[in-house]
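The values are calculated or read from the model by the stated rules, or taken from the named source; none is laboratory data. As the structure is a prediction and not an experimental result, all values here were calculated from the model. Methodologically, a virtual Cβ is constructed for each residue, glycine included, from the backbone with ideal geometry; neighbour enumeration extends over all protein chains shown.
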Amino acid sequence: MEEARIHRVEGRLYVPYHNWYGRITSKFFIALRDEGRIMALHCRECHRTYMPPISPCPQCYSPLEEWRELSPTGTLLSYTYVNYLYSQKLQPRHPPYALGLIRLDGADTALCHLLGDISREELRMGLRVEAVFREQREGSILDIEYFRPLGKGQ
Ligand SMILES: [Zn+2]
């Protein structure tokens, strides 16, 4: 076979799709969208609270049914500062921006989300933060626009 006779074209596909959330994730996003409430699932057997909510419990495999509303405040467990543009379609913002791992008060798990109203120098593990909700919410995790240092919005 002559290599010069094989024609190759480089390309990239973008495929539109719908993602059907299950019962638990739907309840979480509907409460976030319609009421601005952050809901978690609590395990009655091992007493862990999961946010984002999941079931069954990954520790003891009990089915989780006990919903709890969490405060929009929490603690920054870890963070990273993104200053590199790798995808205009996949990145939530144009760099630079900060991402954090936030454990809301009352939860045993953490959520990765955007950090805002904060300088790079202010970022530190253990920082107390609060959720800032979008006014027009549509049922996605970005209905929480970002987390900012607690009390910074007052
Ligand atoms: Zn459990």
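Summary table below
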{"read-out": "HIS47 within 16 Å of the ligand (Cβ to nearest atom), at pLDDT 95 or above, of a type outside the set (A, V, I, L, M, F, W, C) and within 19 Å of the chain's Cα centre (by Cα)", "value": "no"}
{"read-out": "CYS112, sole failed condition from (1) within 13 Å of the chain's Cα centre (by Cα); (2) without any contact (Cβ under 8 Å) to a residue 40 or more places away in the chain; (3) surrounded by 16 or more Cβ atoms within 10 Å (Cβ to Cβ)", "value": "(3)"}
{"read-out": "Pairs where the first residue, in segment 128-154, is without any contact (Cβ under 8 Å) to a residue 12 or more places away in the chain and the second is not in a strand (DSSP E or B), C-beta under 6 Å, 6+ apart", "value": "ARG134/ASP143"}
